Amino acid sequence: YPEPDSMLGLDIRAFYHSGDHWVSVIKRLREKGELVRTEARLRRKDGKEVICQEYVYMHKEEDGSESVSGSTFDITNQKIFEKSMKESEERLAALAAVAHEAVVFLEGDLVVDCNEQFAALFGYLHSSEVMGMSITEFITSVDMSRLAMGMEISLANKMEVR
């Protein structure tokens with residue numbers, strides 16, 4: 001919409017992907033009084049769908065009337081990015097699962113993920129058994145220092161640890 005005033009007088013249900021959604025929002029507001037950080041699929045003037053995060057509050061007046069206020073934020077790009085990252089992580093996990101090499105992901109020195117080959121290399125039956133363990137339980141401190149030095153020179157360095 002070109003300006004906020006051009007939206008005045010429009011039925012709010014026209015902005016929701018489904019007109020029934022607003023009925024659901026009102027029902028939940030009457031029960032809870034507020035809906036914080038809820039997601040909704042909304043429609044732009046051109047009909048394009050956007051994903052929004054809403055903060056909606058119901059105010060009840062002494063005469064029994066109700067009014068609704070709140071804020072809505074377009075999070076469409078964030079949702080697209082999150083979906084893309086999840087798909088990328090799934091592809092990476094599938095690749096690691098079929099790789100012949102041992103693959104391990106670390107946060108600091110803690111194992112946060114690895115493939116089954118990494119676990120088997122060290123005598124474990126399942127990768128879940130090594131999650132949360134320190135990488136220093138598998139690789140000597142000398143080799144860890146050598147890896148760290150190599151990464152400081154270039155992240156593209158190829159190294160092998162035995």
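The values are calculated or read from the model by the stated rules, or taken from the named source; none is laboratory data. The structure displayed is predicted, hence computed values, not measured ones. Note that each Cβ is placed from the backbone with ideal geometry, even for glycine, and that neighbours are counted across all protein chains shown. We work out accessible area using only protein heavy atoms, side chains counted, and drop any ligands, DNA or RNA first. Shrake-Rupley method; radii C 1.70, N 1.55, O 1.52, S 1.80 Å.
Neighbours of Lys79, meaning other residues whose beta-carbon lies under 15 angstrom from its beta-carbon, give a summed charge of -1 when Lys and Arg score +1 and Asp and Glu score -1.
Given 0.36 nm per residue, what is the gain on full extension from Asp74 to Ser18 after removing their alpha carbon distance, in nm? Intermediate values should be presented prior to the final figure.
On the way: separation 56, 0.36 × 56 = 20.16 nm, distance 1.72 nm.
That works out to 18.4 nm of additional length.
Taking percent of Cα pairs over 24 Å apart as calculated from this structure, the corresponding entry among (1) 43; (2) 37; (3) 59 is (3).
Mind checking the full-extension length gain between Tyr1 and Met85? Use 0.36 nm per residue of separation minus the Cα-Cα distance, one decimal, nm.
27.1 nm
Taking every DSSP helix (H) stretch of at least 4 residues in the chain, weighting each as -39,500 (n - 2.57) and dividing the sum by the residue count yields a mean residue ellipticity at 222 nm of -11000 deg cm²/dmol. Residues in the range 44-162 average 74 Å² of solvent-accessible surface per residue, probe 1.4 Å, ligands and nucleic acids excluded. If R0 equals 30 Å, the separation of the Cβ atoms of Thr140 and Ala97 corresponds to a calculated FRET efficiency of about 0.65.
Note on the chain: GNM, Cα springs under 10 Å; of Glu90, Glu54, Glu62, the largest mean-square fluctuation is that of Glu62.
Electrostatic tally near Ala120: other residues with Cβ closer than 13 Å to its Cβ, Lys and Arg +1, Asp and Glu -1, net -3. Calculate the length of the line joining the C-alpha centroid of the range 1-57 to that of the range 110-154, in whole Å. Computed from Cα coordinates, the inter-centre distance equals 49 Å.
Charges at C-beta only: +1 for Lys and Arg, -1 for Asp and Glu. How large is the resulting dipole of the chain about its Cα centre, in Debye rounded to 20?
On the way: 19 positive and 29 negative charges, 83 e Å.
My answer is approximately 400 debye.
Where Rh is the Kirkwood radius over the Cα pairs of the range 48-115, the temperature 20 °C and the viscosity 1.002 mPa s, what D in µm²/s does Stokes-Einstein return? Please list the in-between numbers first.
On the way: Rh = 16.4 Å.
Translational diffusion coefficient: 131 µm²/s.
Put simply, the Cα atoms of the range 22-86 extend 49, 27, 17 Å along their principal axes, the longest span coming first.
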